[in-house]
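No value in this document is a laboratory result; all are computed from the given coordinates. Not measured: the values here are computed from a predicted model. Here Cβ is always computed from backbone atoms with ideal geometry, including for glycine, and neighbour counts include all displayed protein chains.
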Amino acid sequence: MLFDNASKSIYSQEDWNIMQAAYDKAAKTLVVKSSTDDDARIIAETVMTAFNRGNKDINSLAALAVITAINSHPSLNQNGFEQRKRSG
């Protein structure tokens with residue numbers, strides 16, 4: 001998913017770069033391949049929400065997005081995540 005700096009955006013280009021880097025890191029961790037995946041939507045929403053609340057740290061944003069995406073799948077426990085991560 002590409003974060004784009006719209007012409008009348010409240011975000012600076014650096015803001016967009018931070019959000020994109022956090023999204024990319026989380027997506028790579030979760031092996032998200034498409035912006036149509038539910039995980040991709042969850043990652044983007046989580047990154048933007050946390051950023052809007054003042055979190056500007058790429059690693060923190062990415063970690064929060066990964067945790068949120070995993071927790072959004074009640075049937076996916078830690079063992080299931082480890083298997084999914086290794087198979088990707």
**Fill in**
Nearest-0.05 FRET efficiency for His73 and Ala21 at R0 = 22 Å, using Cβ-Cβ distance, is 0.35
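Note the full-extension length gain between Gln13 and Lys28 as 0.36 nm times their separation in residues minus their Cα-Cα distance, in nm to one decimal. Each step should come with its number before you reach the end.
Values: separation 15, 0.36 × 15 = 5.40 nm, distance 2.22 nm.
Difference between extended and current length: 3.2 nm.
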**Fill in**
One finds, for Asp37 and Asp57 with R0 = 22 angstrom and r their Cβ-Cβ distance, a FRET efficiency to the nearest 0.05 of 0.35
